[in-house]
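Peer 1: The following block contains the structure, expressed as C-alpha cells.
Every number here is computed from the coordinates shown, using simple stated rules; none is lab data. No experiment lies behind these values; they were computed from the predicted model shown. Here the Cβ positions follow ideal geometry from the backbone for every residue, glycine too, while neighbour counts run over all protein chains shown.
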Amino acid sequence: MFRAVLEVLITILVAMVARAVLTSVIKGIGSAARDAAGSDASAKQQSSDTRTAGVLHKDPVCGTYVAATTPFRRQAGTSTYFYCSEACQASHLRASR
Ligand SMILES: [Zn+2]
C-alpha cells in the first residue's frame, strides 16, 4: 500500500518536473521569437516616427525646431509659422502687429 502511494507521488513529481521543463523550453522559444518579432516591429515603428516628424519648422520667436504637426501654428499670407508653445505664438502675433 505504501509503495503504491510512493509510486503515485513519484509519477506526479516526474510529471510536474517534465511539465516545468517543457514550459520553460516553450517559453524560451516563445520569447526568442517575440524578441525577433519585437525588434523588427520597433524598427518599423521608429522609421514611421521619423517619417512623421521628418518636417521641422523653426519657431520664429525662440528658434526651437518644432514638428509640422504642432497645434501652435499660424497662417500669415503665403507663409505658415510654427511655434513651440502658445506663449511663442502669442508673442509673435503681438510682434507682427
Ligand atoms: Zn518657442
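Peer 1: So if we plug the beta-carbon distance of ARG34 and THR80 into 1/(1 + (r/R0)^6) with R0 = 35 Å, what FRET efficiency do we get, rounded to 0.05?
Peer 2: Efficiency for this residue pair is about 0.20.
Peer 1: Hey, can you grab everything whose amide H is under 5 Å from the amide H of ALA68? Only 5+ residues off in sequence or another chain; H modelled, so Pro and N-termini drop out.
Peer 2: VAL55, HIS57
Peer 1: What is the distance, in nm, between label points placed 7 Å from the Cα along the Cα-to-Cβ direction at GLU7 and at VAL25?
Peer 2: Once both label points are built, they end up 2.7 nm from each other.
Peer 1: While we're here: So who's got an amide H within less than 5 Å of the one on TYR81, skipping anything under 5 residues away but keeping other chains? H placed 1.01 Å off N, in plane.
Peer 2: ARG74, GLN75, ALA76
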